[in-house]
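One structure is given below, encoded as C-alpha coordinates.
The values are calculated or read from the model by the stated rules, or taken from the named source; none is laboratory data. This one's a predicted model, so the numbers in the text were calculated from it and none came from an experiment. Here the Cβ positions follow ideal geometry from the backbone for every residue, glycine too, while neighbour counts run over all protein chains shown.
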Amino acid sequence: MGKDKLDLLQGTLDLMVLQTLASMGPLHGFGIARRIEQMGEGDILLNQGTIYAALVRLQQGKWIDAEWGVSDNNRKAKFYKITRRGRRRLEVDTENWERISSIIGRMLDPSKGEA
(Lines give C-alpha, C1' and ligand atoms only; values in the text may rest on other atoms or scores of the structure.)
Protein backbone atom coordinates (compact mmCIF):
# COMPACT_ATOMS: atom_id res chain seq x y z
CA MET A 1 0.00 0.00 0.00
CA GLY A 2 1.40 3.46 -0.95
CA LYS A 3 1.94 6.32 1.45
CA ASP A 4 -0.76 8.98 1.69
CA LYS A 5 0.11 12.53 0.71
CA LEU A 6 0.81 14.77 3.68
CA ASP A 7 -1.55 17.51 4.82
CA LEU A 8 0.42 20.68 5.45
CA LEU A 9 0.18 22.33 8.84
CA GLN A 10 -1.08 25.91 9.03
CA GLY A 11 1.72 28.26 7.98
CA THR A 12 4.10 25.63 6.65
CA LEU A 13 3.26 26.32 3.01
CA ASP A 14 4.14 29.99 3.47
CA LEU A 15 7.47 28.94 4.99
CA MET A 16 8.14 26.57 2.06
CA VAL A 17 7.28 29.26 -0.51
CA LEU A 18 9.56 31.81 1.17
CA GLN A 19 12.42 29.30 1.40
CA THR A 20 11.95 28.28 -2.24
CA LEU A 21 12.14 31.89 -3.41
CA ALA A 22 15.09 32.63 -1.12
CA SER A 23 17.07 29.69 -2.47
CA MET A 24 15.95 29.60 -6.11
CA GLY A 25 15.33 33.27 -6.92
CA PRO A 26 12.25 34.56 -8.77
CA LEU A 27 9.82 31.86 -9.95
CA HIS A 28 6.27 31.68 -11.26
CA GLY A 29 3.60 29.94 -9.21
CA PHE A 30 3.75 26.67 -11.12
CA GLY A 31 7.53 26.55 -10.68
CA ILE A 32 7.23 27.18 -6.94
CA ALA A 33 4.66 24.39 -6.57
CA ARG A 34 6.76 21.92 -8.59
CA ARG A 35 9.89 22.72 -6.56
CA ILE A 36 8.04 22.15 -3.26
CA GLU A 37 6.66 18.87 -4.60
CA GLN A 38 10.14 17.85 -5.78
CA MET A 39 11.64 18.59 -2.36
CA GLY A 40 8.78 16.64 -0.77
CA GLU A 41 9.87 13.58 -2.77
CA GLY A 42 6.29 12.73 -3.73
CA ASP A 43 4.80 13.14 -0.26
CA ILE A 44 3.34 16.58 -1.03
CA LEU A 45 0.93 17.41 -3.84
CA LEU A 46 -0.13 21.03 -4.27
CA ASN A 47 -3.09 22.12 -6.32
CA GLN A 48 -3.18 25.50 -8.03
CA GLY A 49 -5.73 26.94 -5.61
CA THR A 50 -3.56 26.13 -2.61
CA ILE A 51 -0.35 27.64 -3.98
CA TYR A 52 -2.02 30.74 -5.38
CA ALA A 53 -3.88 31.42 -2.11
CA ALA A 54 -0.50 31.32 -0.34
CA LEU A 55 1.05 33.63 -2.94
CA VAL A 56 -1.79 36.16 -2.53
CA ARG A 57 -1.47 36.00 1.27
CA LEU A 58 2.31 36.49 1.09
CA GLN A 59 1.92 39.39 -1.36
CA GLN A 60 -0.64 41.09 0.85
CA GLY A 61 1.77 40.81 3.78
CA LYS A 62 4.51 42.35 1.59
CA TRP A 63 6.68 39.26 2.11
CA ILE A 64 6.90 38.71 -1.66
CA ASP A 65 6.61 40.93 -4.74
CA ALA A 66 5.43 39.94 -8.20
CA GLU A 67 5.92 41.14 -11.74
CA TRP A 68 4.86 39.85 -15.11
CA GLY A 69 7.37 38.09 -17.32
CA VAL A 70 7.67 35.29 -19.86
CA SER A 71 8.04 31.66 -18.77
CA ASP A 72 10.36 29.06 -20.32
CA ASN A 73 7.53 27.93 -22.60
CA ASN A 74 7.02 31.50 -23.89
CA ARG A 75 3.85 32.21 -21.92
CA LYS A 76 3.05 35.28 -19.89
CA ALA A 77 3.46 34.46 -16.19
CA LYS A 78 3.65 36.29 -12.89
CA PHE A 79 7.06 35.84 -11.27
CA TYR A 80 7.38 36.10 -7.51
CA LYS A 81 10.42 37.15 -5.50
CA ILE A 82 11.05 37.39 -1.77
CA THR A 83 11.33 40.87 -0.25
CA ARG A 84 13.60 42.06 2.54
CA ARG A 85 10.59 41.82 4.86
CA GLY A 86 10.01 38.27 3.60
CA ARG A 87 13.60 37.31 4.40
CA ARG A 88 13.13 38.53 7.98
CA ARG A 89 9.91 36.54 8.25
CA LEU A 90 11.65 33.47 6.82
CA GLU A 91 14.36 33.76 9.47
CA VAL A 92 11.83 34.06 12.34
CA ASP A 93 9.56 31.32 10.99
CA THR A 94 12.52 28.99 10.48
CA GLU A 95 13.62 29.48 14.08
CA ASN A 96 10.06 28.87 15.30
CA TRP A 97 9.73 25.75 13.13
CA GLU A 98 13.01 24.34 14.47
CA ARG A 99 11.90 24.98 18.07
CA ILE A 100 8.44 23.43 17.66
CA SER A 101 9.75 20.41 15.72
CA SER A 102 12.30 19.82 18.49
CA ILE A 103 9.53 19.90 21.09
CA ILE A 104 7.38 17.51 19.05
CA GLY A 105 10.39 15.20 18.65
CA ARG A 106 10.85 15.11 22.42
CA MET A 107 7.12 14.48 22.92
CA LEU A 108 7.14 11.56 20.49
CA ASP A 109 10.37 10.11 21.91
CA PRO A 110 10.73 11.16 25.54
CA SER A 111 14.19 9.53 25.75
CA LYS A 112 15.50 12.39 23.52
CA GLY A 113 14.65 14.92 26.23
CA GLU A 114 16.44 13.07 29.03
CA ALA A 115 19.92 14.14 30.04
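Starting from the stretch 81-108, keep only residues that are more than 16 Å from Q60 (Cβ to Cβ) and surrounded by 14 or more Cβ atoms within 10 Å (Cβ to Cβ), then list their pairs with residues that are at pLDDT 90 or above and hydrophobic (A, V, I, L, M, F, W, C) whose Cβ atoms are within a distance under 6 Å, requiring at least 6 positions of separation or different chains. Note: pairs meeting the criteria are L90/L18; L90/A22; D93/L15. Of the numbered criteria (1) at pLDDT 95 or above; (2) over 19 Å from the mean Cα position of the chain (by Cα); (3) of a type in the set (V, I, T), the one I103 fails is (1).
Summed over the stretch 32-79, the residues that are touching a helix residue (DSSP H, G or I) at 6+ places or on another chain (Cβ under 8 Å), at pLDDT 90 or above and surrounded by 14 or more Cβ atoms within 10 Å (Cβ to Cβ) give a count of 16. Summed over the stretch 17-31, the residues that are out of contact with any Leu (no Cβ under 9 Å at 6 or more places or on another chain), surrounded by 15 or more Cβ atoms within 10 Å (Cβ to Cβ) and among the small types (G, A, S) give a count of 1. Residues in the stretch 68-87 that are under 15 Å from the mean Cα position of the chain (by Cα) and in a helix (DSSP H, G or I) were compared, and the one that is farthest from A22 (Cα to Cα) is G86. Would you please list the contacts, defined by Cβ atoms under 7 Å and residues six or more apart or on different chains, that run from a residue in the stretch 14-26 that is in contact (Cβ under 8 Å) with a residue 12 or more places away in the chain and among the charged types (D, E, K, R) to a residue that is part of a helix (DSSP H, G or I) and surrounded by fewer than 18 Cβ atoms within 10 Å (Cβ to Cβ)? Here the result reads D14/R57, each pair linking the stretch 14-26 to a residue that is part of a helix (DSSP H, G or I) and surrounded by fewer than 18 Cβ atoms within 10 Å (Cβ to Cβ).
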